[in-house]
Structures are given as C-alpha cells and as structure tokens.
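See below for the structure under consideration.
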Amino acid sequence: MGILFKSLVAPIISTLAILMAYVVSLSIVNNLAVHLNFAYSEYTPLMVMLTTILLGLMSHFVLLRQFRQQLEDGKPANAAIKDSIRYVRYFLLVTGITLGLTFAGFALFKFSTLRAVATLVVPVILTILATLTVSPIFMNLLGERFFWPAVASEPHQHGFWNRMTRFGLWQPIVAIIAVLYFVGPFAYSYRNNLNFNASNTLESSQQSLTGMRVLNAHFTQGKATPVTIYVKSSDRLDNEKSLLQLDNLTTKLQSMPGVSGVTSLTQPNGQPIAENYVNSQLNDFTTELKGATDQLDDLTDSLKDDRTNLNQVKLSSDADKIDSLASRSSRLVSDTTTVHSQVDEIAGRANVSQRRSASKLVRRYQRLLNLINTQLQTVSSNMRALSDELSQNQTDASDVSSNVSSYTTQIKDVQNDLKKTTKSLSGLVKSYNDIYNYLSALQASDAAKIYYLTPEQLTSSQFQQSLMTNTSENYKTTTLQVTLKDAANAKNTAATVQRLQDEVSTQLQGTSLKNADVAYAGQPVVQSTVQSALLSQIGWIALLIVGVFFIVLAIVSRSVLQAFYWLLTFGLAAAAATQLAQMMTAFLSGETTFNWQVPLIAMVPILILGVTQLMQVAINYRYNDLPFIDWLLPSLTEMGQTLRHRLFAVVAFSLGLLFTGYAPIVTVGWIMIFTVLIFNVILPILIAAFGKLTVTLPQHKPKSKHRA
C-alpha cells in the first residue's frame, strides 16, 4: 500500500484497520467455537488471516484510490469521503454477499473441516465494516495529509488490457482458440492428485519424521502408524463368550489383505496362544484319555489272569483230599485206641500172672514183663498224646474242609463277578476308544480351532496381565491394534481401512458384542476419513461456489450469458494455475502431489480475487449507457489501468506466503501468483471475444440460395 500510493500514512492506517478486523474476527470465531460449539479446524486462523488481509487489501485499494481521485478533483475531505464510500459501498456489498453466502453454504457439510469454513463469514463482514468505518475516520481527520508525503507523479496509461481487448475483438474465434491452445492444456491436464499424509507438511529434519523413517526401514511401512480399534461393551469382556468373539475378530483381521498383524486381548503378542484353543486342549485331553484306556486294557488282562488262576476244580480236589485225610486220621485214632486197650489188657494180665506164679521162670519173665509194661505204659502215654493230636487234626481238618468248601463257593461268586467286571471293562474300553477316535477327529477339524479359556486359565497371571494391558479399568472396553503393510499415505490405505471397518461390523453382527460401540483411531483412519469426506464433497463444493458466484454475478450484471462466460474464464484460469503450481512444486521440492489442505486454503484467496475483480466488471457492465460492443474496449481499457496495481499487490502478498516455508502455504502462494497472472491475461480477451460473438452471431443470416 505504501508503494502503490507513495505514502507512509495510508499503509499504516489501512494495516491497522486490517489488523483490527483480523484480531476481532479471530476472537469472535474462537468464542463461537468454545461457547456455541461451532466447527473449528487447525487452519481456521490461517484462513481468517487470508480473508482479512486479502479482502482488506482489495477493499482499501478501491477506497483509497477513489478517495485520492476525489481529492485530486478538488473536493474537500468530507465530500471526498462521502463520494468515495458511496462509490465503493455497492461494490463491497455485492462482494460481501457473494463471499458471505458462499462461505455460509459450507455449514451444510458434515465434514467438520469443511464446516469450519462457514466461520469466514465473520471476517468478511468485519473487514468490510472496518474498511467503511475505521479508515474513513482517519481519512476525515487527516484529509490530504492521509497520503503524506504525496509524491506527485505523472499518470501512466496501462495499455495491456487495451491490446488484449483489441485482439479479442479482432478475431473472436481465433482469440478463443489461442486461449484454449495455451491455457486449456494446463487446465485439462489437472488431475485430483491429492495426498493425505500429514508428514508431508513437516520439515525433513524433525525428529518425528526421523523416527518414522527408522521404523519404516526396519519394519513394515505401517508400523509407525497403526490403526487402533476400540470396542466398548455394556458388559464385562473377561468371559468366555466375549473372549471368543474378540479372538475370532482378531484372527479374521489378521487374514485380511493389507494387514501385517493384529494384537488384542486374546492375542497380546500378535500370535495365537496354543493352550487357549480347543484343539490344543483336546490334544492334552486325548493324551490323558489314551493313557487311561491303556490302563483299563491292562486291568482287563489282569482280571482275566486272576480269573484263570482261581481254578474251582483244583480247589474241590484239594477239599476232597483233605476229607480223605480227615477220614484216615479218624481210623488212625480208632486203631490207636484199640491198641491202647490191648496194651492195657496185656498189662493187666501180666500183673495177674506176676501174682500167681512164683517160679523162677515167672520171675525171669516178670522182669521182662515189667520192662515191657514200662515200655507199654510209655507207648500208651504217647498214643494218648497222638490220639489227642489226631483228634485235634481231625477237628482242624474238618474246619479246613468246611472253610475250603465255603471258599470254593466264594471263589465261584468271585469268578462270576470277575466275568461281569471283565465284560463291563471291555465295553468301557470300547467306549473310551470311540470317544478317543471322535476327539482325535474333532481335534484335527476346523471346528476345534476356537478360543476357550478354562476357569483356571482365566485366573492365570498371563491372562490377567493381558487383561490389564488391553482393557479399561471396568473391563468393558478393549483395544485391537492393527498394523498395516503399507504406509498411511499409500493409495490403497483408504480402501484397506474401509474393508477393515466393514469386516469388524460384519464379524460382530449376531454375536454377544453386536451392540458394542466401535471406534477407530490412528493416522490411517484419520487420512481415510479425511479423504473419503473431502473427495465425496468436491462436487458439492464446486456446485456451491459456482452456483452462488454465478447467481450473484448474473443479478448484478443482469446478464446470464455474460456472467457464465466470465465465470468460465475464472474457472479456466484457476484450473490452469493449479496445474502450473503443481508442476512448480514438483520442480522445486520433488513432490508431485498436493496436500489435501492446499485446495481448501487456496480456495479462500482465489475466491476473493475472482469475486472482487468480476464484481467490478459486472457493476461497470450494468451501469454503462453505451451499446455492448461500444462498451467493451473503453471500459476494459479503463479497468485495465489498475491492472499493474492489482498484480503488484497480489504478487507481493503471494511472495510473502512463499517465504513462510510451510509447504501448503507455499503452494497456495504459487497458485495465487499463477491465477492472477493467467486471469488478467485471458479475461479481457475472452470478455471481448465472447461479447462480440454474442452480438454478431444472432445477427448473421445465411445467404439465400439462387433458384433456377
């Protein structure tokens, strides 16, 4: 402003007014976000600054230029201020309505970053008010000193728009073809090459980028940016049903394409724990069952051997022998008694003979008989003892015989019981073998590959540690961390995240967790959400901007066709400038894509440039008294006199953005430079060319054919 008006006071006053509008606007926007929950994004302060500075710069330029013109015409300061405000207020009104309606339309979008653009209505209103109130106060106070030191200079005619207009009027079709030939390829070749990688906006020397590069070098590309899935249930998750569903979900996600690994409550290390699955537990159980079956087989064989050893016939034969022995013992006792009686009888007779005979022979035999008597008494005593022993033996033999007979009966009963037991054990072994075969087949099937924790495992230290790490304090919320194979900015990451969300929703349907709340976090999810939300709304954004701009432009100019041509020219310049800015960025930094923030940020200054310039053309077109063809050259030439000033102001502002070093803002600066250059070159050409064709084509009549 100081260079344009060759003044020291004018730029200070205008800068103070713009700064005041910025501070108040940002304060109101922040309070709306805090107290009324208005949408807010990290780029809201930047867009508020761009709006206030660029709109304030254009508004003050028109106001101060008109004020200086009035002063140069000799009018007093009060009259000059009134005339200047009267001159610019309609321009500022239609400009503010166009920008205000366009920005307010963003409140209809669900995406919060887009909805936050609606808050730019506040800086638009405050900047226009500051232009019409704050600056005129100082203009009234200072008068002509407002442009101090007011270095006089000869006005220079700027004939660029005059030459471009003449070219368009000379050959309209050629002019249109020339514009399409030089500018059209850039606009046509532009593609929506946006990237949603937040790291692209950071300097390469930052530690976060260094750490990410180290992780990407040693692990999968997605290691540095995992996806975290939160599952919140109304019931506790430390039970068999919930754990089974979580493990099924974990296993399913691990098998998805694009997924490198998944850690969860049931698989804290990213790998299944074998002993927590039915097939492993069946393996242990079948092993124990096989051992028990083998022991039963051994027991059955032992019972068969015992049954064989308990021979009833042999026991009966032994009992018969014992009975025969008892009979023989009885006869022996009887014979012994008889002998004892005979000995007693002989002894008696010997005594009688001893008393009757006194002869020597008798005495000789008497001694012998005495000896025999003594011996017989001894034999008799021994026989009595033997008889007693035989009697006792007979009694014992009878008892033994009775016991053996009883034992024979018991053995017979035992044999019958052993037979039944052996038969039962054989059937039990067969049943166990059938169970073993079934469990072995079940173990090898997919049906056994399910998660199940026994009560002992639920209370184990390993599971309790996983429970503390992967669940909330009330055990109702758990997390699953998914590591993707590709980086967050890869082209297929958004599709992978979408499949991930669909798979989680499908897996939880019809389970105990069907009513659980599921949330997703992580850089891939953020980028996928932003990408899907932004790309799905691009068409509506374009329709909103073009619709509001076209309607207001048509109302102001009172011409639908000319408004369409002017808006088409602006769109052509913006598209070509975006492609050139992308090529410049690729040349300087090697980055062939735009960050997704760039179009959103660039939309604000580009829209302000287009609205302020085309509204001036529309107002001039509406209030002209000349025929349209006669209006084109002088009016466009007059408007072109300020071209160099607008170019200088916008380029200077854009160069300031280039020196910020922040990649999105630098790209916005390049887009602004190319847009203002291309737009101010092709605008007079296409306005003149389309304007002339609009008038001349309907008047052209085909030549009548000569008839014979």
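In the set (1) crowded, with 18+ Cβ neighbours inside 10 Å; (2) out of contact with any Pro (no Cβ under 9 Å at 6 or more places or on another chain), MET20 fails one condition alone, (1).
In a residue-by-residue description of segment 447-469, the property of being modelled with pLDDT under 70, open to solvent by 30 Å² or more (accessible area, probe 1.4 Å) and part of a helix (DSSP H, G or I) applies to at least one position.
Table: residues versus (1) at pLDDT below 90; (2) on the phi > 0 side of the Ramachandran plot; (3) open to solvent by 10 Å² or more (accessible area, probe 1.4 Å); (4) over 42 Å from the mean Cα position of the chain (by Cα).
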site	(1), (2), (3), (4)
LEU101	no, no, yes, no
LEU108	no, no, yes, no
LEU120	no, no, no, no
PHE138	yes, no, yes, yes
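Taking ALA618, is it on the phi < 0 side of the Ramachandran plot and at pLDDT 85 or above? Here the answer is yes, as ALA618 does meet what is asked.
Of all residues in segment 492-520, those that are within 14 Å of VAL482 (Cα to Cα) and touching a residue at least 12 places away in the same chain (Cβ under 8 Å) have Cβ atoms under 6 Å from Cβ atoms of residues that are assigned to a strand (DSSP E or B) and open to solvent by 70 Å² or more (accessible area, probe 1.4 Å), 6 or more apart or on another chain, in ALA519/TYR230. Scanning segment 522-569 for residues that are more than 19 Å from ILE97 (Cβ to Cβ), crowded, with 21+ Cβ neighbours inside 10 Å and at pLDDT 90 or above returns a single hit, THR569.
If only residues of segment 510-521 that are open to solvent by less than 70 Å² (accessible area, probe 1.4 Å) and under 16 Å from the mean Cα position of the chain (by Cα) are counted, the one that is farthest from LEU244 (Cα to Cα) is ALA521.
Mind checking whether some residue in segment 592-608 is surrounded by fewer than 19 Cβ atoms within 10 Å (Cβ to Cβ) and either without any contact (Cβ under 8 Å) to a residue 24 or more places away in the chain or not charged (D, E, K, R) (or both)? There is at least one residue in segment 592-608 that is surrounded by fewer than 19 Cβ atoms within 10 Å (Cβ to Cβ) and either without any contact (Cβ under 8 Å) to a residue 24 or more places away in the chain or not charged (D, E, K, R) (or both).
Within segment 621-664, the set of residues being part of a loop (DSSP other than H, G, I, E, B), more than 49 Å from the chain's Cα centre (by Cα) and modelled with pLDDT of 80 or more comprises just one member, TYR623.
The values are calculated or read from the model by the stated rules, or taken from the named source; none is laboratory data. Everything numeric here is computed off the predicted structure, so don't read it as measured data. Counting neighbours? That spans all protein chains shown, and the Cβs are built from the backbone with ideal geometry, glycine included. Heavy atoms of the whole protein, side chains included, go into the accessibility calculation; ligands, DNA and RNA do not. Shrake-Rupley method; radii C 1.70, N 1.55, O 1.52, S 1.80 Å.
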